[in-house]
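Right, one structure below, let's go through it.
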Amino acid sequence: MLWPTDLSPGSQAASAYVDMLASRFDAQVHLLYVATDFNEYDHIYGDANTKAMVKLQEKERARIEEKINNICQNDLSGCPVQIKHIVTGDPAREILEAAETLKVDLIVMATQGWGDESAGPRFFGSTTEKVVRNAKIPVFTIKPGKAVEDRKQNL
């Protein structure tokens, strides 16, 4: 199973379901985080120092690894196997590529992560919508919010 997360509170709503499904079906969990490629933004500030951009990317990766390790330790205790992946690129494209490359049977993700709230209320965030539309395997979506908190207690 593949659990893509942007580490937002909304995306972490899926953790209880990932944990429950993994423990119930003795499934392997691939946790995927798609990091921002800071090199895409160097032109905004003029031609940024390449070494500085690499250092910034490394610092961000270390911060993400620490957060992911905490999630795996605290939220995925029932998962028999957890494999962590941190990649850079377009989130939807990387999620779809990972699902195919890793040959997972299911993608479990929240309907919305950090996203752009200025777009107004939508059921799916843009990344989730692209994944649902283009995935070749089932995508189990979880809507963040109080209902998820209530369901966690009943899993």
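The values are calculated or read from the model by the stated rules, or taken from the named source; none is laboratory data. Just so it is clear, the structure is predicted and the values come from calculations on it, not from any experiment. Virtual Cβ from ideal backbone geometry, glycine too; neighbours counted across all protein chains shown.
Below, the figures for the structure above:
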item: Index of the failed condition, I86 passing every other in (1) part of a strand (DSSP E or B); (2) modelled with pLDDT under 80; result: (2)
item: Test: residue in the stretch 15-30 that is surrounded by fewer than 16 Cβ atoms within 10 Å (Cβ to Cβ) and of a type in the set (D, E, K, R); result: yes
item: Positions within the stretch 68-85 being surrounded by 14 or more Cβ atoms within 10 Å (Cβ to Cβ) and out of contact with any helix residue (DSSP H, G or I) (no Cβ under 6 Å at 6 or more places or on another chain), in sequence order; result: I68, I71, C72, H85
item: Conditions (1) at pLDDT 95 or above; (2) part of a strand (DSSP E or B): number failed by T141; result: (1)
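Condition check ((1) within 15 Å of the chain's Cα centre (by Cα); (2) modelled with pLDDT under 70; (3) in a loop (DSSP other than H, G, I, E, B)) across all residues:
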{"position": "K51", "(1), (2), (3)": "no, no, no"}
{"position": "K55", "(1), (2), (3)": "no, no, no"}
{"position": "K67", "(1), (2), (3)": "yes, no, no"}
{"position": "G78", "(1), (2), (3)": "no, no, yes"}
{"position": "D105", "(1), (2), (3)": "no, no, yes"}
{"position": "V108", "(1), (2), (3)": "yes, no, no"}
{"position": "F123", "(1), (2), (3)": "no, yes, yes"}
{"position": "D150", "(1), (2), (3)": "no, yes, no"}
